[in-house]
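S.K.: Got a structure here, written out as structure tokens. Questions coming.
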Amino acid sequence: MICGITGTPGTGKSTVADELARRGHRVVHITDIVQPYVLSKDPQRDTQIIDTDRMADEFVSFDGFVEGHFAHLLPCDCIVVLRLRPDALIARLKARGYSSDKIAENRDAEALDVCLIETVDLYDPEDVFELDTTAKSPADCAVTIEQFYRGEIPASFGLIDWSAYAEVSP
């Protein structure tokens, strides 16, 4: 069974996935396999354009976890959507050196549930778990993800509302 770990950049996907790997799970980071699927770069949004359809078609399933911003677009058996309160997300992205425009784009994506909505549109509700990482350690997040992966805790999503953090343009 493959479990995807997705979320807005900065929510803790790689850190939590590294913790899962430390615990003995097989983990594939999308950043390690994406290069053949890069079509171009969008300099305006400071992002790569990825052929996610081809990547999904060619993705080889395995037992473990696949982690990345668009893991929910790959053929997974279940998905964990990591969430982070937008003010904490801003601090993380600033520390990474993101531009103010990129920080605003990701803050609004997190505040408006973009990754969660995309995931819920693609997967059975019984296969989706939303996890707020704001006040949790990577080890605590890994324990919760392992419990969901093993079917010890039920699917759960839609309880987080950070829409007040979205900025309204004039």
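Read-outs: derived from the displayed coordinates by stated rules, not from any lab. Computed from a predicted structure; not experimentally measured. Heads up, the Cβs are rebuilt from the backbone with ideal geometry, glycines too, and the neighbour counts pull from every protein chain shown.
S.K.: Could you point to the label whose value was computed as Cα Rg over 2.2 N^0.38 Å for the structure here, given (1) 2.32; (2) 1.12; (3) 1.00?
M.R.: Derived directly from the coordinates: (3).
S.K.: Relative contact order of the range 2-162: what whole-number percent is it, with Cα pairs under 8 angstrom and at least 6 residues apart?
M.R.: RCO, the range 2-162: 30 percent.
S.K.: Using packing as a proxy for protection, rank 77-88, 118-129, 92-103 so that the peptide with the highest average count of other Cβ atoms within 10 Å comes first.
M.R.: Ranking, from highest mean packing down: 77-88, 118-129, 92-103.
S.K.: I've got another one for you. Would you work out if the range 102-163 is rounded, prolate or oblate? Take a ≥ b ≥ c from the square roots of the eigenvalues of the alpha-carbon gyration tensor; rounded if a/c is under 1.5, else prolate when a/b is larger than b/c, oblate otherwise.
M.R.: It is oblate, given that a/c is not under 1.5 and a/b is not larger than b/c.
S.K.: May I pose another question? Using only helices, what value at 222 nm comes out for the chain when you add -39,500 (n - 2.57) per DSSP H run of length 4 or more and divide by the total residues, to the nearest 500 deg cm²/dmol?
M.R.: -10500 deg cm²/dmol
S.K.: Please report the antiparallel percentage of DSSP beta bridges with both residues in the chain, rounded to the nearest 5.
M.R.: The antiparallel fraction comes to roughly 20 percent.
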